[in-house]
Structures are given as C-alpha cells and as structure tokens.
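Working notes, beginning with the structure itself.
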Amino acid sequence: MSEESQYSEHPGGWIEWFCAHEDHQFLCEVDDEFIRDPFHQVGIKGKFNFFNEAISMILQPTSPEDQDLEDERFLEVYQEASDIYGLLHARFIFTSKGSAIMRERFLQGKFGHCPRIYCEKQNVIPIGLCEDLKTARIKVFCPRCEEVYMPKKKCADIDGAYFGKSFPQFLLMTYPDLHPKFQLLPDTQIQVDFQPTLFGFKIAGKQGSKIKKYDQQLQYNHIITQPIVQSVESNILQQEQKQYRIQKQELQDQQQQQQQSDQNKDQPHKKKNKKKHKQ
Ligand SMILES: [Zn+2]
C-alpha cells in the first residue's frame with residue numbers, strides 16, 4: 001500500500017487510481033457523494049455522450065485492469081470520465097473540505113515554487129487560464145509576485161479547467177494567512193524587485209528598462225507595502241488637514257485684525273463728533 005493510499009477515501013478505487021497517476025498529482029480526491037449529487041452535475045451533464053457510464057466508472061470501487069486500457073469503448077468512456085471528474089473537481093475545491101485539502105497541499109509545497117528569484121521559492125497555487133475544456137493546460141499562480149507560470153513539475157499535465165481561473169484568489173480569500181505578507185516576520189527586510197542599473201545608476205523609467213517607475217511603485221505597493229502606503233497616505237492627509245487649519249486660523253486672525261482696525265478708525269471719528277457737539 002502506498003503512502004497516499006493510507007489516507008485515501010477510495011482505497012483501490014478508480015478515483016485513487018486516477019489521482020495517483022504521475023500527471024494528475026495536483027488533483028485531490030473528490031467525495032463520492034459530491035460526484036453523485038445532481039446539483040453538482042448541473043451544466044456538465046449535457047456536454048458528454050457517455051455521462052452516466054462515465055459517472056459509474058468514476059465511482060468504481062476497483063481500478064481498471066490492464067486489458068481494459070486496450071478496449072476502445074473503455075477508452076472513449078475513460079476520456080469523458082477524466083473530463084467529468086476534472087470539472088467536478090473544479091467545483092469541489094471551492095467547498096470547505098476541498099479548499100482545506102488544497103490549503104494543506106499548498107503549505108507543503110506540493111504544487112511547486114515560484115521560479116522568480118525575488119520570490120524566494122514562494123509556494124504556488126494551480127490556476128486554469130480558461131474555464132473551458134481543452135483550451136489551456138494547468139498553470140501556477142504565485143501569490144507574492146502575482147504572476148502566472150508554467151508548472152515546473154512534470155506531473156502537471158492536466159487541463160486548466162480542472163481548477164479554473166478563480167481558484168488561487170478564492171483560496172487566499174478563504175485563508176488570508178496563506179498570503180505571503182502575513183507569513184513574514186515583522187522585522188524581515190524584503191528585496192521587492194530587481195532594479196536594473198547601469199554602472200550603479202538606476203534606469204527604471206528610462207531607455208534600457210521596460211520597468212516604468214510608476215508601474216514599479218504600483219507592483220511594490222501591491223505585494224508588501226499596502227499598510228506602509230496607507231500610513232503614508234494618512235500622513236499626507238493629516239498634513240493637508242493641518243495646513244488647512246493653519247490657513248483657516250490665519251484667515252480668522254486677519255479678519256479680527258481688520259475688524260479691530262475698523263473699530264479704531266471709527267472711534268476717533270466719534271470722539272471728533274463728540275468734540276464738535278461740545279463746541
Ligand atoms: Zn513569484
């Protein structure tokens with residue numbers, strides 16, 4: 001018995017056999033009940049010719065024999081069973097159980113690491129670039145640089161629709177602690193981006209660099225420095241408010257001075273008038 005099958009809910013069955021395949025190791029085992037539930041089959045059933053046969057193949061408690069794999073009819077149903085399982089899998093990983101399984105796999109680095117040097121071997125999450133079958137193979141998304149890459153692992157030769165476009169964002173929203181910015185120690189110094197230089201001078205935003213200063217700043221903000229940017233923004237706001245209060249105070253002072261000077265001008269006149277009356 002393999003290490004995986006000790007924890008399998010389908011020991012010896014088609015699902016365990018399918019998920020244990022070298023190319024399918026990104027996939028997790030979907031519950032039988034989830035597969036049987038007509039609600040989860042909505043929108044999938046009509047796309048296949050041998051849907052019912054394929055579902056019963058998926059739910060088989062035994063794995064296929066070698067001679068089955070030489071049978072043309074079996075292979076036709078198998079092809080459909082693979083895609084049906086993949087589309088149900090794309091729905092299952094959005095459930096609490098499915099996402100919890102994927103969380104563990106992500107933390108164990110089972111989907112591989114980001115190839116970008118400055119991401120320091122950040123664990124990646126599988127993503128499909130399209131929800132439709134047979135459009136694009138599976139890719140991986142790095143939550144640190146927010147880029148999509150070809151998976152390095154050989155085992156990831158599956159259709160992108162088996163995961164879908166929204167899965168990484170869903171996983172990170174469901175488990176915010178998975179985001180790299182929450183996994184760093186408070187005093188960690190992070191080198192955010194490679195900065196192209198020429199004899200020591202930065203050339204970002206100039207000829208010879210595709211990185212625009214603004215874009216670079218945006219990317220920087222996006223990855224790590226959102227709280228810093230917020231504090232900078234609030235500082236600017238506070239300064240503006242302070243300046244506004246000073247200006248308002250100055251204006252009030254000026255008005256008071258004006259009023260006083262007007263009163264001073266009026267008083268001598270009154271005195272003069274009084275004097276005139278006395279005369
Ligand atoms: Zn990365």
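Coordinate-derived values only; no laboratory data. Treat the numbers as computed from the prediction; the structure is a model and nothing was measured. Note that each Cβ is placed from the backbone with ideal geometry, even for glycine, and that neighbours are counted across all protein chains shown.
With a cut-off of 9 Å between beta carbons, the residues surrounding MET150 carry a summed charge of +3, where Lys and Arg count +1 and Asp and Glu -1. Taking packing as the residue-averaged number of other Cβ atoms within 10 angstrom, the listed peptides 172-179, 111-118 run from highest to lowest as 111-118, 172-179.
Stretched out straight at 0.36 nm per residue, the stretch from ASP262 to LYS45 would grow longer than its current Cα-Cα span by 69.2 nm.
Efficiency by 1/(1 + (r/R0)^6): what FRET value for SER166 and GLN252, r their Cβ-Cβ distance, R0 = 45 Å, to the nearest 0.05?
0.20
Summarising the label geometry, the points placed 7 Å from Cα in the beta-carbon direction at ASP23 and TYR175 lie 2.8 nm from one another.
Were the residues from ASP37 through VAL148 laid out at 0.36 nm apart, the gain over their Cα-Cα distance would be 36.7 nm.
Principal axis analysis of the Cα atoms in segment 29-127 yields extents of 50, 33, 24 Å, listed in decreasing size.
Express the relative contact order of segment 1-92 as a whole percentage, based on alpha carbon pairs under 8 Å and six or more residues apart in sequence.
Working: 80 pairs, mean separation 31.2, N = 92.
Averaging sequence separation for qualifying contacts and normalising by length gives 34 percent for segment 1-92.
Shown here for segment 27-114: GluC sites (Glu not before Pro) in loop regions (DSSP other than H, G, I, E, B) with at most 11 other Cβ atoms within 10 Å, namely GLU65. Close amide-amide hydrogen proximity is noted between GLU147 and CYS142, each under 5 Å apart and 5 or more residues distant or on a separate chain (H modeled in the peptide plane; Pro and chain starts excluded). Maximal additional length on extending the GLU131-PHE194 stretch stands at 19.3 nm, based on 0.36 nm per residue less the C-alpha distance. Projecting the Cα atoms of GLY46, VAL77, MET57 onto the charge dipole of segment 38-80 (Cβ charges, centred on the Cα centre) puts GLY46 farthest toward the positive pole.
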